[in-house]
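Visitor: Can you keep this structure in mind? I'll have questions shortly.
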Amino acid sequence: QTYVLPIFATNKGWKDFASQNGLPLAHAGDGVNYLETCARAADRSSSAAARMAEGIREVITGKKEEFTLEYDCHSPHEKRWFLCRVTRFAGDGSVRVVVAHENITQMKLLERQQIRSQRMESLGTLAGGMAHDFNNALSPIMVGMQLLKEKYPEESEIMDMFYVSTRRGAEMVKQLLTFARGAEGERKPVQVSQLVREMENIIAGSFPKNIRLTVECDQRLPTVLGDATQLHQVLLNL
C-alpha cells in the first residue's frame with residue numbers, strides 16, 4: 001500500500017538545516033510528501049532514510065506507538081548524529097504524525113570520549129598484570145647472568161651487555177606499572193655519557209659485524225634530570 005504523508009508545517013530549525021545542507025524546501029517543505037523525501041535520500045545510499053520511512057509507516061498503521069532511530073548525517077566539515085522520533089499526533093480525522101530530528105552530536109562525542117577513557121583504564125589494568133608476570137620472568141634471567149659472569153669471566157663483556165639489556169627491560173616493566181597506576185615517572189640525575197656507552201655495547205653486540213660503529217661522546221657532559229629508561233629508549237629509537 002502506498003502512503004502519502006504531506007508536510008503540514010516545519011519549524012525554523014528544520015528550514016535552517018535544509019538550507020545549510022543543500023536540501024531545497026521544494027523537496028522537504030510544506031505540502032511535500034515526506035515519504036518521497038526519505039525515498040530520495042535512500043536513493044543516495046542513505047540506509048537511515050529507508051529505515052525512517054518504514055518506521056513512519058509502522059506508526060501510521062498502528063503497528064507501533066512510537067518509532068525512534070539514531071543515525072549519522074555527517075557533513076564535509078563535521079561529524080553529526082541525530083535522533084529521529086516519530087509519534088502519532090493526537091486528534092480526530094486523518095492519521096497525522098510528528099517527526100522530530102534532535103541533534104545529539106555532543107552526546108555522541110562525550111559518549112565516545114568516555115569509551116576511550118574506559119579503554120585506557122582497561123589497558124592500564126592489563127599492562128599492570130602483564131608487567132608483574134614479565135618482571136617475574138626477568139628476575140631469574142638477571143640472577144643467571146651474574147652466575148654466568150662468575151663462571152665464564154672471559155666472556156664478561158658480552159655478559160655485561162646481556163645484563164644491562166635485561167635490567168633495562170625490568171625498568172621498562174616498572175614504567176608499565178607506573179602507567180597502570182597513573183603516576184608520573186621518577187626523574188633523577190642521569191649521566192648521558194653513560195647511557196651512550198651502554199647503547200654502544202648493545203649496538204656493537206647486536207648489529208652485523210660488517211657495520212663499524214664509532215662513538216664520540218665527551219665524558220664531561222653535564223648530567224640531565226630525567227627518567228633513565230625513557231632516555232635509553234630515545235637513544236635506542238634514534
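The values are calculated or read from the model by the stated rules, or taken from the named source; none is laboratory data. These numbers were taken from a predicted model, which means no experiment stands behind them. Cβ: placed from backbone, ideal geometry, glycine included. Neighbour counts: every protein chain shown. We work out accessible area using only protein heavy atoms, side chains counted, and drop any ligands, DNA or RNA first. Shrake-Rupley method; radii C 1.70, N 1.55, O 1.52, S 1.80 Å.
Visitor: Calculate what fraction, in whole %, of the accessible area of the chain sits on carbon and sulfur atoms when a 1.4 Å probe is rolled over the protein chains.
Guide: With neighbouring chains kept in place, the figure for the chain is 54 percent.
Visitor: While we're here: Can you compute the helix-only [θ] at 222 nm over the chain? Use -39500 (n - 2.57) per DSSP H run of at least 4 residues, normalise by all residues, nearest 500 deg cm²/dmol.
Guide: Result for the chain, helices only: -19000 deg cm²/dmol.
Visitor: Per residue, how much space in cubic angstrom lies within the convex hull of the C-alpha atoms of the chain?
Guide: 264
Visitor: Let me check the size of the range 19-110 from its C-alpha atoms; what are the radius of gyration and Dmax in Å?
Guide: 14.0, 44
Visitor: In addition: Along Cα→Cβ, 7 Å out, is where each label goes; now give me the distance between the ones at Leu225 and Met130 in nm to one decimal.
Guide: In this crude spin-label approximation the distance works out to 3.3 nm.
Visitor: Would you please name the chymotrypsin sites (Phe, Trp or Tyr not before Pro) within the range 70-144 that are DSSP coil residues with at most 13 other C-beta atoms within 10 Å of their C-beta?
Guide: Answer in residue order: Phe89.
Visitor: In nanometres, what is the gap between the two model label sites at Ser122 and Ala9, each 7 Å from Cα along Cα-to-Cβ?
Guide: In this crude spin-label approximation the distance works out to 4.8 nm.
Visitor: Only Cα pairs within less than 10 Å get springs; with that Gaussian network setup on the chain, which residue of Thr87, Thr214, Thr125 has the largest fluctuation?
Guide: Thr214
Visitor: Sticking with this structure for a sec: Evaluate E = 1/(1 + (r/R0)^6) for Glu186 and Gln113, where r is the Cβ-Cβ distance and R0 equals 22 Å; express this FRET efficiency to the nearest 0.05.
Guide: Calculated value: 0.15.
Visitor: Multiply the residue gap between Phe89 and Cys217 by 0.36 nm, knock off their C-alpha separation, and tell me the result in nm, one decimal place.
Guide: Going from the current span to full extension adds 37.9 nm.
Visitor: Enumerate the amide H contacts of Val32 below 5 Å, restricted to partners 5 or more residues apart or on another chain; note that Pro and chain-start residues carry no placed amide H.
Guide: Ile7
Visitor: Once ligands and nucleic acids are excluded and a 1.4 Å probe is used, how much of Leu235 is accessible, expressed in Å² to the nearest 10?
Guide: Its accessible surface works out to 60 Å², give or take rounding.
Visitor: Within the range 61-92, name every residue whose backbone N is under 16 Å away from a label modeled 7 Å from Cα of Gln20 along the Cβ vector.
Guide: From the range 61-92, the list is 72-83.
Visitor: Just to be sure I understand: with springs between alpha-carbon atoms less than 10 Å apart, which residue in Val215, Val59, Val99 has the highest mean-square fluctuation in the Gaussian network model of the chain?
Guide: Fluctuation is largest for Val215.
Visitor: Please calculate how many Å² of accessible area the range 1-76 carries per residue, with a 1.4 Å probe and no DNA, RNA or ligand atoms counted.
Guide: 63
Visitor: What list of ³J(HN,Hα) couplings, whole Hz, do you get for the range 131-138 from phi and the Karplus terms 6.51, -1.76, 1.60, once you set θ to phi - 60° and write x for glycine and proline?
Guide: Values, residue by residue: 4, 4, 5, 5, 5, 5, 6, 7 Hz.
Visitor: Based on DSSP loop calls and a cut-off of at most 14 other Cβ atoms within 10 Å, the longest stretch of the chain free of exposed trypsin sites (Lys or Arg not before Pro) is what? Display every interim value, and only then the final one.
Guide: Details: sites that count: Arg44, Lys63, Lys79, Arg96, Arg187, Lys209, Arg212, Arg220.
Result for the longest clean stretch: 97-186.
Visitor: Could you derive backbone 3J(HN,Hα) for the range 97-104 from the dihedral phi with the Karplus parameters 6.51, -1.76 and 1.60 (θ = phi - 60°), listing whole Hz in sequence and x where the residue is Gly or Pro?
Guide: 10, 10, 10, 10, 10, 9, 6, 10
Visitor: Compute the length gained on full extension between Asn33 and Glu200: take 0.36 nm times their separation in residues and subtract their Cα-Cα distance, giving the result in nm to one decimal. Please report the intermediate quantities before stating the final value.
Guide: On the way: separation 167, 0.36 × 167 = 60.12 nm, distance 7.64 nm.
Between Asn33 and Glu200, full extension yields an extra 52.5 nm.
Visitor: What aspartates and glutamates does Lys79 reach when the alpha-carbon gap must be under 17 Å and sequence neighbours fewer than 8 apart in one chain are set aside?
Guide: Glu70, Glu102, Glu111
Visitor: Between Glu70 and Ser139, what is 0.36 nm times their sequence separation minus the Cα-Cα distance? Round to one decimal in nm.
Guide: Full-extension gain reported as 19.5 nm.
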